[in-house]
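Heads up: the structure comes next, in C-alpha cells.
The values are calculated or read from the model by the stated rules, or taken from the named source; none is laboratory data. None of the values given here were measured: they were computed from a predicted structure. Because the Cβ atoms are built from the backbone with ideal geometry, glycine has one as well, and the counts that use them run over all protein chains shown.
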Amino acid sequence: MDPSEERSRLAYTRDFIREARNSGLIDRQTYTRLMRILEGRWNRLALAEQEAAGISDLLQEAATTTIQTGVAAPPAALPAPPPMPPPPHRRATAPQAPPARAPAPTGPTGPAAPPEARPEPRPAPHRAGRPPSAPRWVQQGRRLRAAVASDLGIHGLAYLGVLLLFAGTFGLVFFSLQDVARDVRPVAEAAIPSAFFLSAWFLRKRRAPLVSVGIELVGGALLPIVVFASFVDKTRPDLTGHALVAGLATSSACIAVAYAWWASRHPGSPLRYLSAPAAWLAVATLAFLFKTDEPLKGLAVQRPVAMQMALAAAAVAATLLLVRVRPGHPLAKATRVAAVPGIALTYLLTIVLASTQRWSPGPLVIAGAAALVASDSLSGYIGAAGTPLLQSAIVAVTVSGLAAPWGLAPVGAALAIAYIGLFEWQRLRRVPLAIRVVPVAGVGVGLGMSLAGPWAALSAWSVASSWVHVRRLGSEPGSAEQRWLTGAAALLPLGVGYGLARVLPDGEAWLAIGAALSALATVVRTKARNDAFWAWWLPAAAAATALGVWLTATANPALSRWQLATAAGLAAAALTVAPLPVSLRGWAAARVWLVAAVAALALSLGMDASGMADGLRPLAWALAGLVAASGAAAWRREPAAHVSLIALMAAAGAMLAPASHAADVGTLGAWTALLLIVVAMHEALPGSDSVTALCDRAGRWLGGLEGRLVERAGRFLPPLGLIASVPFLVVRAGSLWNVFDRHRSWSGAALAVTALVYAATARALAGRRPLGSLLATGAVVVGAIGIAVAAPSPWPTIESVAASIAVVWLMGGQLRRPFMTLFAWTMTGLLAVLLADRAGLPTRSLNLVSLAWGAILLVGGLALDDIRAGRRAAGQGLRTRWLAQPVAIGAIAVPASLGPVFTYHATAFGWWMAGAAALYLLVALQLRSGALSAATYALATAALVALLPTSPLEKPWIFAPWAALLVTLSWTAAAVARRRSAEPDPWSRWDLAPLVVAHGVAGLALVRAVALDAIPVTWAAFAALSAVVSAIRRHWAWALAGTVMALVASGVAGPAWLAVTLAGVSAASVVVALRSSGPIRSLLQATSVAAAAWAWVETIVAADWSAGQSVANSSLAFGGLALCIGALAGLGRLGRDWMGWWGGLALAGMVVAAGATAGPDGLRYVDDLRPAAGTLL
C-alpha cells in the first residue's frame, strides 16, 4: 500500500477513535488499548519510510521520539506492535489475543497526557530522488474512501440490522396487527416498544453503543405508532370520534414530554431527536377534527386530511421559532435536526393530500406560510444563497396549488402579490440582488397569469406598478436595483392599461388612458421636471397610446371616431407637454416627428368623424405634403427640414391609402414630383435640399460610423425613392388610358423599356455618385420586375428577358457589379428554356434544357479556366474571376434540373442518374477534389437501385455487395494515397467519399430490413462488412457497430444463433483483452463475462430445457468453470483480474443454481445429482 494512503487511513482511524471516546461509545480502557495498537502502526510506518530513505541519524533520533496516546513510552522500549485487526470482510474466525501490556493508568494523576496532545510522527525528510506526493484532491479522495470503507466495514451490519428491524416491526404494527389474536394484541403492543428499549439498555451495558442507539431510536419511533394502534385495535376500550382525537393528541403530547425528560437525564440518548416530532404529531392528531369524509374510528386514522399536515407544518415552524428564541436549550440542536425532514415531509404531504381533496386553499396557505417561516429559521443549515431560492420555490408551489379552487387569473394575482412580499422580506434580510431576481421573475409569472381575467389583471398590475414606483423612488440612484426597477416601472403600466381596456369599452378606455396621460404630463412638468424617467416614459406612453388608438380604430370601425380622435389629441398634448430629457440628444427633433404622427392620426380620425370621402383623402394628403415640402425648402431651418421629411412621409402614406384610380395616379405623381425636386436640388447644389441637409447635420451631430451612415442615407434615399416611383407611375399612368388593361404583359414590356432607359441614363451619369450606381442597380431590378409582370405571355416574357440581359451589357463595365453579371448569366438560362418552349419542345423535357445549359456552364467554365490558367493543383479553385458566376450558376442548375427526373420511369431514371454520376465525376476530376465524388457514388447508388431487376429496396441484403465495393474503392484510394509523400487535405482525398456513401447505403439497408422483416441476412451481412472495415481502419467503432448488428441479426434469427454470436463476442473480447491494459482491459473482461452469461441463458432457451435440466446443467457448467478457474489460478496461468471476473461468473451461476435448489420446494426442480456434482466441483 502507498505510505501516504496508509498514513491517511491511520489518521482517519485516530480521529474516529477520539470521536468515539468523546461521544461515550467506548470506555477509557478500550480507548487506551486501541491507541496503543495505532501507535505501533505509526512507528512501523515511520521507521519503514526512514529506512527506505537511508537516513540512519534520523532513525537514531526517532528512537527517542515519544508518541503520546495516553501512555508515554519511547519507541525503542515498546514491544513489537501487534498486528492490526483484519478488515471486516477478511477477519479471522478465532479472535487474536492482545499482546501483554502494562495496565494503563486510569486515575486523573497518571502520567498520561490527553490524546489530543499527541504529536504526529515526524515524516522522513524529502530527498531529491523521491517522487512527488499526490495532489491534495487525490489525498482527500483517498481519505474519504478510507472513511466510508472503514465505517461501513465496522458498522455496516449494524446499520442493516437496525433498518431491517424497523421495517419489519413497522409493517407488523401498521399492516399486520389485526391478524394477531384480539386478546393478545395488548400484550404485543406493550411488548414491542418494551423489547426495543430493554434491548437498547442491555446492549449499552454490554458495550455495544452503536446498535443500542439504533434500537433505542427505532423503539422511540415505534412507540407513538403502537400507542395509536392500541386505541383502534378493536379491544376495549376502543375510542372513536372526539375521544379518539383527545386520546391521540394526549398520548403524543405525553410521549413528547417523556422523551424530553429522558433526553434531559441522558443527553446522549437518540430520543432527543423524537421529542419535537412527537409534539408535532400531537398537533397533527388534533386536526382529525377537520376530517369529515368518514366517521373517525378504527382504521380511519390511517387516512389523514390535508389540514392535519398543514397544522403539523405550522407546529414545526412554531417550534423552530421557539428554538430561535432559546438557542441554548438542551433540545435546540436536536429539534433543528429533526425539523429539516419534518417540515419537508409535512409540506409535501399537505400538497399530496390537498391534491386528493379538491385542493382546499386553507391547508395549502398554512403549510406554505409554515414552510417559509421554517426555511427562514433553518437558513443556517440551508445556506445564505439556498434559503431565498427555497422560499421562492415554496411560494411558487403553494400558490400553484390554488389554481384549481380559485382559477388561473386570481392565482396569478396572488402569486404576484406574494412574490412582492417575499421580495420585500428578502430585502429586509439583505439578500443579494442577484438572488432576489427569482422573486422578481415570480412576480412576472404571476402578472402574466393574471392577464386571464380583467379585474385580476387590473388589480395585480396596479399593485405591482405602484410598488415598483415607490421602490424606485426609494432606491439608491445609479444602483443595479434602481435600473431594473426603472425598467419595471416603464413596463408595468402596460398591464394596467390592458386591464383597463378589458374592463371598459375600447373607446372609453382609450379616452381614459389619454386623459390620464395628459394630466400626468401636466403634473410632472410642474412637480417633477428633473426626473429623467418621466422625460422618456411619458413620450413613449403617449406614442404607444396613439398606436393603440390607431390599431383600435383599424380593428373596430364601429367605434365612435370622436372618442378615438379625442384620445389621440390628448396623447399628442401629453407628448407636447412632457419635459425634454436632458441627456437624450436630438429629442427636440424626434418630438416633432412624434407630435406630427400623433396629430396626423388625430386629424385622420377627425376626417373619419366628419365623413370626408375616402377617394379624396390620399390626394389631399399628397398635395399637402408637396406644398409642405416646397415651403420647407424655402424656409431652410432645421425644423423645416424635419417638416420636409414629414411631408415625404405624408405623401408616402397617401400612396398607401386606398383611393380612386385617378386620385391614386395623382397621388403617385405628386410623390414622384416631390422626390424629383429633392434630387434635382441636390444634383444642382449638393446639400441644398432639406433632406440631405438634415441628414448631414444629424451625421455631424452623431459622429463616427453612425454619422457617416446617416449622411450616406441622406444622399441615397431620395434617388432610390425616385427610381422606385417612376416604374409605378409609368404602369399606373398607362392604365388610365386602358393601354394595359387587356394586355397585362405589355406592362412588363414597358418596365423593360424603362430599365433600358435607366441603364442608358446611368451610363451617361456614371461620374455622378451615388446617382449613377443607383440607376444601374435600379435598371437591373426594374428589368427583373418586368420579367415577372410579363409572364406568362411567351413573347413579352422573352422580350423582357432579352432586355434584362441588354441592360447589363448597356450600362458598361464601370457600373457593372458581380451580382448584375450573375443575373445576366441566369437570364441566359431562362432565355434558353423559353426559346426551347417556343420551338415546340415538350414541357416535360424543359428541365433537360436547363440541365444541359447548367452542365455546359459548369464543365465548360472549368475547362475554360484550365485553358486560360493552366491545370489547377489539388485543392485549387477557379483562377479566372469572371468565370465564377457561370460556374456557380451551372453548379446550382444541374441538381435543380435533376429534380423532375425523379418522376420518370425507373429505367429512364436510372440512366439519367448514371449520367449525372458521370457528370459529377468529371467535375470532381476537373477540380481534383475527391470530396465531390460523393455525389457520384450517391447518384450511382440511385441508378443501381433503379436499374437492377430486383430492387434492393425490396431485398436490402443486395446493398451489401455494393457497400463492399464502395469500401473496396475507399481502401484502394487510401492505398494509392499512402504511396504518395504529400498528405492531401480532406477536400482532395478520394477515399473518404466512397466510405461515407457506404455508410449511408448501410443505414438505408438496415432501415429497410427492419421495415421488410429481413433483419437476419441484411444485418449479418453488414456486420461482416463492418468487421472488415474495422480490420482495415483499425478502429473500435466499426467493431462495436458490427458486434451490435451481429447481435441484432442473431437475436431475430433465434436463441441458438444468438447464443453462438454471444459466445463469439465473449471469445473475441477475451482475445482483445489479453492485448489490452487499463480500463479498456477491464471493460473487455466485463464484456466477455456478460456475453458468456447471456450466451448460457440463450443456450438454455434454445435447448428448451426444463427447470430441472436447466438447474442441473447450470450447476455442472458453472461448477466446471469454477474448477477450471481454480486449476488455472493454482498453476499460475491465470491473472488475478481474470480470476475475479470469471470466478465471479462461476460463483454467481452457482449461487443462482443453489438458490433454485435451496429448501424442500427447490428439490423438485432437479431430477438427478448434477447440482450436487456442480457444487462439489
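Quick notes on this one:
- Only a single item in (1) part of a helix (DSSP H, G or I); (2) within 21 Å of residue 822 (Cβ to Cβ) is not met by residue 912, and it is number (2).
- Residue 748 being touching a Phe, Trp or Tyr at 6+ places or on another chain (Cβ under 8 Å), touching a residue at least 24 places away in the same chain (Cβ under 8 Å) and in a helix (DSSP H, G or I): no
- Candidates 1069, 1030, 1050 - the one that is assigned to a helix (DSSP H, G or I), modelled with pLDDT of 75 or more and touching a Gly at 6+ places or on another chain (Cβ under 7 Å): 1030
- Annotation note: of 960, 964, 924, the sole residue that is in a helix (DSSP H, G or I), crowded, with 19+ Cβ neighbours inside 10 Å and not assigned by TED's automatic domain parsing to the domain that holds residue 895 is 960.
- With respect to being in a helix (DSSP H, G or I), buried (at least 23 other Cβ atoms within 10 Å of the Cβ) and modelled with pLDDT of 75 or more, residue 316 fits the description.
- Selection from segment 911-928 of residues that are among the small types (Gly, Ala, Ser) and in contact (Cβ under 8 Å) with a residue 12 or more places away in the chain: 914, 916, 917, 918, 924
- Residue check for residue 458: crowded, with 20+ Cβ neighbours inside 10 Å and within 26 Å of residue 605 (Cβ to Cβ): no
- Taken over segment 1-38, the criterion of being outside any helix (DSSP H, G or I) and not aliphatic (A, V, I, L, M) is satisfied by 2, 23, 24, 27.
- For segment 1079-1177, the helices (runs of 4 or more DSSP H) that sit wholly inside it and include 2 or more residues that are at pLDDT 75 or above are 1107-1130, 1136-1157.
- Within segment 1008-1022, being charged (D, E, K, R) and either out of contact with any helix residue (DSSP H, G or I) (no Cβ under 7 Å at 6 or more places or on another chain) or modelled with pLDDT under 80 (or both) holds for one residue alone: 1013.
- Out of 568, 540, sole residue that is in a helix (DSSP H, G or I) and buried (at least 21 other Cβ atoms within 10 Å of the Cβ): 568
- Top-ranked residue in segment 1030-1071 [being more than 39 Å from the chain's Cα centre (by Cα), surrounded by 13 or more Cβ atoms within 10 Å (Cβ to Cβ) and β-branched (Val, Ile, Thr); ranked as farthest from residue 1006 (Cα to Cα)]: 1070
- Residue in segment 929-952 that is more than 29 Å from residue 858 (Cβ to Cβ), touching a Ser or Thr at 6+ places or on another chain (Cβ under 8 Å), part of a helix (DSSP H, G or I) and free of Cβ contacts under 8 Å to residues at least 60 places away in the same chain present: no
- Hits in segment 14-35 - residues which are within 52 Å of the chain's Cα centre (by Cα) and farther than 21 Å from residue 213 by Cβ: 14
- The combined condition, being within 22 Å of residue 537 (Cα to Cα) and either at pLDDT below 85 or not in a helix (DSSP H, G or I) (or both), is fulfilled by residue 440.
- Checklist (1) closer than 29 Å to residue 708 by Cβ; (2) modelled with pLDDT of 80 or more; (3) surrounded by fewer than 18 Cβ atoms within 10 Å (Cβ to Cβ) applied to residue 656, failing item: (1)
- Considering residues of segment 409-432 that are surrounded by fewer than 17 Cβ atoms within 10 Å (Cβ to Cβ) and hydrophobic (A, V, I, L, M, F, W, C) only, the residue modelled with the highest pLDDT: 425
- Among residues of segment 500-533, those that are closer than 29 Å to residue 484 by Cα and either without any contact (Cβ under 8 Å) to a residue 40 or more places away in the chain or out of contact with any Pro (no Cβ under 7 Å at 6 or more places or on another chain) (or both), counted: 22
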